[in-house]
Amino acid sequence: MHTVGELLRQWRHRRRLSQLDLAIAADVSARHVSLVETGKSNPSADMVLRLADQLDVPLRDRNTLLLAAGFAPRYAERPLDDTALSAARNAVERVLRAHEPYPALAFDRRWDIIMTNRAVDPFLAECDPELLRPPVNLLRLGLDPRGLARLVVNLSDVRAVFRARVRRQLAAAPDPYLAALYADLLAPGPEDAPPDSDVMIHMIVRHAGRELRLFSTITTFGTPQDITLDEVAIESYYPADAETAAHLHR
């Protein structure tokens, strides 16, 4: 078990901040930060959260900091179908529905798919049913030859995009499960090279005898106070040319 001071030090190093940087951002003295990190001062719950906020610690890990400091967790984790999250779930559903006829899906921090719109269905129909057993993991679905990988023309480019995103995610907040997925599916090989693009990287998908060119955007909740909402992301795919748009409309 790590002390709260040790955990805060780890987060500070992860964010590449000095004790003085953190102290200035949190409006406390550098000496106080040092005393907390060395265990010579026991921080209050409010101080733990103030430092965690400046370190951009995810809500799940803020609970871990609070527990290490001897306090009860502050942030709940409810399933998305919980009554308390009904407004948020409805918002996700509306975003997905409104994006049709273009594909969109919602997934959690481990890339497990939570929800999709109907425009995703024709692509899932091409996948091995074994990969569609819940929980469906977007990384496995996208990179497994039995899944979407066999439809993706520029698979090496798409792998590079996934690799960069997961690497940034792990750098921001380490997760053993996600690290194992990275090692299994995304560890770079000698043949891997950075994708070449002047503007943005498109995903080129072969479907119904056509090559569809898509790019995506990511949407997250702006002010989450629940762990589930803090970890939900919506990926929306857009046509990169008129031919792809026409095909998706049909």
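The values are calculated or read from the model by the stated rules, or taken from the named source; none is laboratory data. Here the structure is a predicted model, which means the values were calculated and not measured. Methodologically, a virtual Cβ is constructed for each residue, glycine included, from the backbone with ideal geometry; neighbour enumeration extends over all protein chains shown. Calculation scope for accessible area: heavy atoms of the full protein, side chains included, ligands and nucleic acids excluded. Shrake-Rupley method; radii C 1.70, N 1.55, O 1.52, S 1.80 Å.
Give the stretch 50-79 a look and list any residue that's aliphatic (A, V, I, L, M) and either in contact with a Cys (Cβ under 9 Å, 6 or more places away or on another chain) or crowded, with 19+ Cβ neighbours inside 10 Å (or both), or say none.
First pass over the stretch 50-79, keeping only residues aliphatic (A, V, I, L, M): 51-52, 55, 57, 59, 65-69, 72, 76.
Across the stretch 50-79, the qualifying residues are Leu51, Ala52, Leu55, Val57, Leu59, Leu65, Leu66, Ala69.
Looking only at the stretch 205-246, filter to residues that are in a strand (DSSP E or B) and of a type in the set (Ser, Thr, Tyr); which one of those is least open to solvent (accessible area, probe 1.4 Å)?
Looking at residues that are in a strand (DSSP E or B) and of a type in the set (Ser, Thr, Tyr), I get Ser236.
Yes or no: Leu151 touching a residue at least 40 places away in the same chain (Cβ under 8 Å), in contact with a Lys or Arg (Cβ under 6 Å, 6 or more places away or on another chain) and open to solvent by less than 50 Å² (accessible area, probe 1.4 Å)? Break it down into steps so the answer makes sense when it comes.
Working: touching a residue at least 40 places away in the same chain (Cβ under 8 Å): yes; in contact with a Lys or Arg (Cβ under 6 Å, 6 or more places away or on another chain): yes; open to solvent by less than 50 Å² (accessible area, probe 1.4 Å): yes.
For Leu151, the condition - touching a residue at least 40 places away in the same chain (Cβ under 8 Å), in contact with a Lys or Arg (Cβ under 6 Å, 6 or more places away or on another chain) and open to solvent by less than 50 Å² (accessible area, probe 1.4 Å) - is met.
Inspect the stretch 55-75 for any residue being farther than 30 Å from Arg16 by Cβ, under 20 Å from the mean Cα position of the chain (by Cα) and not acidic (Asp, Glu) and give the result as yes or no. Outline the logic, then answer.
Step one: filter the stretch 55-75 for residues farther than 30 Å from Arg16 by Cβ, giving 72.
So of that shortlist, the ones also under 20 Å from the mean Cα position of the chain (by Cα) come out as none.
No.
Quickly run through the stretch 153-168 and pick out the residues that are out of contact with any Leu (no Cβ under 9 Å at 6 or more places or on another chain) and either in the same structural domain as Arg14 (by the TED database) or not small (Gly, Ala, Ser) (or both).
Val153, Asn154, Asp157, Val161, Arg165, Arg168
Exactly one of (1) outside any helix (DSSP H, G or I); (2) surrounded by 15 or more Cβ atoms within 10 Å (Cβ to Cβ); (3) in contact with a His (Cβ under 7 Å, 6 or more places away or on another chain) is unmet by Pro101. Its number?
(2)
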